[in-house]
Amino acid sequence: MNLKPIRNIAAILLYNGDKKILLQHRSEDAERLPGYWAFFGGGINDNETPEEAVKREAKEELDYQLENPRLVMTQEFNGKHHDGTKYVFMDEFEPKKKITLGEGQGMGWYSLSEMKDLKIVDHDQIVLKYIVDKF
């Protein structure tokens, strides 16, 4: 029996008034999913709740303070290197605030229909189908 370590993650779907979601374009040399478009977020530390983690990740990756992230779904995953749970949060972007990319090769705001043309991993496609009416 080969047990992989557990690594839970928190992801943020930051959306604007046009119901477009901010996505990260991962670097071509990224260890995981190079060149893919993905949600911002990352690992949950041992001493953190999922909400604390998603707030920390938004600050680290976007220099953005989330106001009211709400948990919209959880998703179990079996990864190549670890298994765990992804906690998916949504929060509305406050236009008075600024965002600064801190990780990846780019970012952009996309509607759900525009995302069909992007390289997005299957498990994130499942999330996008689920949140279609959660704005």
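The values are calculated or read from the model by the stated rules, or taken from the named source; none is laboratory data. Because the structure is predicted, anything quoted here is derived from the model rather than measured. Using ideal geometry, Cβ is built from the backbone for each residue, glycine included, and neighbour counts are taken over all protein chains shown.
Scan segment 61-79 residue by residue and report those that are among the acidic types (Asp, Glu), modelled with pLDDT of 95 or more and closer than 13 Å to Ala10 by Cα. Break it down into steps so the answer makes sense when it comes.
Step one: filter segment 61-79 for residues among the acidic types (Asp, Glu), giving 61, 63, 67, 76.
After this cut, where a residue has to be modelled with pLDDT of 95 or more as well, the list is 61, 63.
Listed by number, the list holds a single entry, Glu61.
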Checking Gly106 against (1) surrounded by 15 or more Cβ atoms within 10 Å (Cβ to Cβ); (2) closer than 29 Å to Glu28 by Cβ, the condition it does not meet: (1)
Residues of segment 101-130 classified as at pLDDT 90 or above and outside any loop (DSSP other than H, G, I, E, B), total: 17
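Answer with yes or no whether Met73 is surrounded by 13 or more Cβ atoms within 10 Å (Cβ to Cβ), in contact (Cβ under 8 Å) with a residue 60 or more places away in the chain and outside any helix (DSSP H, G or I). Outline the logic, then answer.
Numbers: surrounded by 13 or more Cβ atoms within 10 Å (Cβ to Cβ): yes; in contact (Cβ under 8 Å) with a residue 60 or more places away in the chain: no; outside any helix (DSSP H, G or I): yes.
Against the criterion (surrounded by 13 or more Cβ atoms within 10 Å (Cβ to Cβ), in contact (Cβ under 8 Å) with a residue 60 or more places away in the chain and outside any helix (DSSP H, G or I)), Met73 does not qualify.
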Residue in segment 80-93 that is farther than 16 Å from Arg32 by Cβ and in a loop (DSSP other than H, G, I, E, B) present: yes
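Listed here are the residues, each with its yes/no results for (1) of a type outside the set (Ser, Thr, Tyr); (2) farther than 16 Å from Ile21 by Cα.
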{"position": "Ala38", "(1), (2)": "yes, no"}
{"position": "Lys55", "(1), (2)": "yes, yes"}
{"position": "Glu61", "(1), (2)": "yes, no"}
{"position": "Tyr64", "(1), (2)": "no, no"}
{"position": "Phe77", "(1), (2)": "yes, yes"}
{"position": "Lys86", "(1), (2)": "yes, yes"}
Residues that are surrounded by 14 or more Cβ atoms within 10 Å (Cβ to Cβ), out of contact with any helix residue (DSSP H, G or I) (no Cβ under 9 Å at 6 or more places or on another chain) and farther than 18 Å from Tyr15 by Cβ, drawn from segment 80-97: His82, Asp83, Gly84
Scan of segment 21-46 for residues that are touching a Pro at 6+ places or on another chain (Cβ under 8 Å) and either in a strand (DSSP E or B) or loosely packed, with under 11 Cβ neighbours inside 10 Å (or both), ordered by number: Glu28
